[in-house]
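Below: the structure, in structure tokens.
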Amino acid sequence: MRSRLSLCKRCSGTKPKGRGLKYCLTCRTKAAAEANKRASQRLRNWQLANPEKCRAYGKETTRRHRPACRRCGVLLAYPSMGRRYCSSECQRAQARERAKERRDNWQHAFNTFKTNLGCSRCDYRRSGAALDFHHGGGSKKERRISARMWLSPKGQEEMKNCILLCANCHREEHHG
């Protein structure tokens, strides 16, 4: 029976046979460490010889991997773990913009709802902003129906006690 071990070409130690290896594990590890050391030294020599290129490459790499402020796009300074904005002013301004957008969406949906219903007297349907809920017929007004609360259960209950009128018909109802 043939032996599965052969001799290393550097240290004459035993190495596994049959995988095309010339050196034992110890010699391969030492060779890899020496190669890494030589590569590190070449890189360091290049960095010392080309400081401008090295600095520009470092800045470009840093710039490429740094997150930007979600509002103004300024690159965030390190460390920026979890930060999304460059300053508290940007964060507050973004929160104000999101709140305004949310209010505008509510208002648009509310006006569309009123436009689809139309005035109960003259069937006006051009603008939802010109349509008002009138608390008539002796029902007690508990709250104003607004764009924020019209979808809530209390808003739905309040709308059952109201009729939808255009601005002109509403004025006539109160003062006519």
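The values are calculated or read from the model by the stated rules, or taken from the named source; none is laboratory data. Everything numeric in this text was worked out from a predicted model, so none of it was measured. Here Cβ is always computed from backbone atoms with ideal geometry, including for glycine, and neighbour counts include all displayed protein chains.
Numbers below:
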quantity	calculated
Within region 75-176, helices (runs of 4 or more DSSP H) holding 1 or more residues that are acidic (D, E), under 30 Å from the mean Cα position of the chain (by Cα) and not assigned by TED's automatic domain parsing to the domain that holds E60	88-117
R64 being under 19 Å from the mean Cα position of the chain (by Cα), at pLDDT below 75 and more than 30 Å from R10 (Cβ to Cβ)	yes
